[in-house]
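Visitor: Quick one: this structure, given as structure tokens, is what I'll be asking you about.
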Amino acid sequence: MDKLLSLNNFVSVENLENEDVEKLIKRAEYFKNGGEAPHLNKEVYVANLFFENSTRTHTSFEMAERKLGLTVIPFDPGHSSVNKGETLYDTLLTLGALGVDLSVIRHSENNYYEKLINLNPDQHLNMGIINGGDGSGQHPSQCMLDIMTIHEQFGTFKGLKVMIVGDLKNSRVARSNMQLLTRLGAKVYFSGPEYWYSSEFDKYGEYAPLDELIEDMDVVMLLRVQHERHDGDKNEKLFSETEYHKLYGLDEKRYNKLKKDAIIMHPGPVNRGVEWADELVEAPKSRYVTQMKNGVFMRMAMIEAVMRGRKLGGLE
Ligand code: CP
């Protein structure tokens, strides 16, 4: 058997080697095909700290943890001492002292994880950190499940044309995906409202009108319009949901222009009738449900990698 991936934390896709990505895909496919979880010779405790709302990522991580045989320690930020001013670091120091080995964290602050993994000599936090999404920074587990879903369809990334459409500026999903997809050899295009495009994306691909390129794309990745992150953005109200759908949404006309083997992806949750026509969310080219299913197996592979990196449960 190939050596399995071993990581101390899993906070970003930026430092993953292509070989690491291959190992994670292989391992996630193994779990998806009914492969057994590794035997743990000692109990491993995990807490999921979601400071932003989540259905998919939170539940999927918990499902993955249970399938791996971990013990999940409930943590509800709304009833925690964070509300008395306790910092994230001190919250984790506390959980670590109680015996928690790993934490999956979603937080609104970009790069929140830096201060948890780059410790000073006088800090003794000893806990594996897995990033469940930081602000508009990274969403490594969504990216990895997207990568698995694309690999399942095409078997390769080299030369694939992937268009990411919509609320780019606010999207951690887009950031992680553009970084990893270009490194794996895909050609990335961006579309959607121009003021959600930023020059920071230039190095990963080119901005182009949706209707000019859609018929050439292998993958169309729709992004959710993130209303909750638009506070103070006066441009956000420039069009209604109907107008957005007409200009940038995946409707029947655009669907019918897609190549025979093209697929449509969306990280969820979907604003039905805005990014995606309601009746097309489960159309044959949609991989929306597949992405969610793959998420459990990819997250098993990611958690296992950190368990191996930290020798938890006797894994190495
Ligand atoms: N894709 C995603 O992160 O969904 P949730 O916000 O429901 O976790």
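Visitor: Being of a type in the set (Asp, Glu) and touching a strand residue (DSSP E or B) at 6+ places or on another chain (Cβ under 8 Å) is the filter; apply it to the stretch 256-304 and report the residue that is nearest to residue 243 (Cα to Cα). Walk me through it before giving the result.
Guide: If we filter the stretch 256-304 for residues that are of a type in the set (Asp, Glu), which is where we start, we get 261, 275, 278-279, 282, 304.
Checking which are touching a strand residue (DSSP E or B) at 6+ places or on another chain (Cβ under 8 Å) leaves us with 275, 278.
Details: 275: 11, 278: 15 Å.
Ranking the candidates gives 275 first.
Visitor: Got at least one residue in the stretch 227-248 being within 17 Å of residue 137 (Cβ to Cβ), at pLDDT below 95 and in the same structural domain as residue 270 (by TED's automatic domain parsing)?
Guide: First pass over the stretch 227-248, keeping only residues within 17 Å of residue 137 (Cβ to Cβ): 228-229.
With at pLDDT below 95 added as a condition, the list becomes 228-229.
Narrowing the set further to residues that are in the same structural domain as residue 270 (by TED's automatic domain parsing) leaves 228-229.
Yes, the conditions are met somewhere in the stretch 227-248.
Visitor: Is the stretch 22-34 home to any residue that is at negative phi, of a type in the set (Ser, Thr, Tyr) and not in a helix (DSSP H, G or I)?
Guide: Here is the first cut: in the stretch 22-34, the residues at negative phi are 22-33.
Keeping just the survivors that are of a type in the set (Ser, Thr, Tyr) gives 30.
If we keep only those that are not in a helix (DSSP H, G or I) as well, we get none.
No, the conditions are met nowhere in the stretch 22-34.
Visitor: Here is a further query. Out of the residues in the stretch 24-69 meeting the condition of being aromatic (Phe, Trp, Tyr) and within 16 Å of the ligand (Cβ to nearest atom), tell me which one is nearest to the chain's Cα centre (by Cα). Give the derivation first.
Guide: To start, the set of residues in the stretch 24-69 that are aromatic (Phe, Trp, Tyr) comprises 30-31, 45, 50-51, 61.
This time we only want the ones that are within 16 Å of the ligand (Cβ to nearest atom), so: 50-51, 61.
Working: 50: 14, 51: 16, 61: 11 Å.
Across the stretch 24-69, the extreme among qualifying residues is 61.
Visitor: A follow-up question, please. Just a yes or no: is a residue in the stretch 96-116 in contact with a helix residue (DSSP H, G or I) (Cβ under 7 Å, 6 or more places away or on another chain), in the same structural domain as residue 36 (by TED's automatic domain parsing) and surrounded by fewer than 20 Cβ atoms within 10 Å (Cβ to Cβ)?
Guide: Scanning the stretch 96-116 turns up at least one residue that is in contact with a helix residue (DSSP H, G or I) (Cβ under 7 Å, 6 or more places away or on another chain), in the same structural domain as residue 36 (by TED's automatic domain parsing) and surrounded by fewer than 20 Cβ atoms within 10 Å (Cβ to Cβ).
Visitor: Can you list the helices (runs of 4 or more DSSP H) found entirely within the stretch 102-200 that contain at least 1 residues being of a type in the set (Gly, Ala, Ser)?
Guide: Here the list reads 140-154, 172-183.
Visitor: Out of contact with any Pro (no Cβ under 9 Å at 6 or more places or on another chain), closer than 25 Å to residue 147 by Cα and assigned to a loop (DSSP other than H, G, I, E, B): which single residue out of 54, 12 fits that description? Walk me through it before giving the result.
Guide: Numbers: 12 fails: out of contact with any Pro (no Cβ under 9 Å at 6 or more places or on another chain).
It is 54.
Visitor: Restricting attention to the stretch 278-316, which residues are more than 21 Å from the chain's Cα centre (by Cα), farther than 18 Å from residue 154 by Cα, assigned to a loop (DSSP other than H, G, I, E, B) and not small (Gly, Ala, Ser)?
Guide: Within the stretch 278-316, 310, 311, 315, 316 meet the criteria.
Visitor: On the basis of being surrounded by 20 or more Cβ atoms within 10 Å (Cβ to Cβ) and without any contact (Cβ under 8 Å) to a residue 60 or more places away in the chain, does residue 296 make the cut?
Guide: Values: surrounded by 20 or more Cβ atoms within 10 Å (Cβ to Cβ): yes; without any contact (Cβ under 8 Å) to a residue 60 or more places away in the chain: no.
When the stated conditions are applied, residue 296 does not pass them.
The values are calculated or read from the model by the stated rules, or taken from the named source; none is laboratory data. Just so you know, these numbers come straight off a predicted model, no measurement behind them. Glycine gets a Cβ as well: all are built from the backbone with ideal geometry, and neighbour counts include every protein chain shown.
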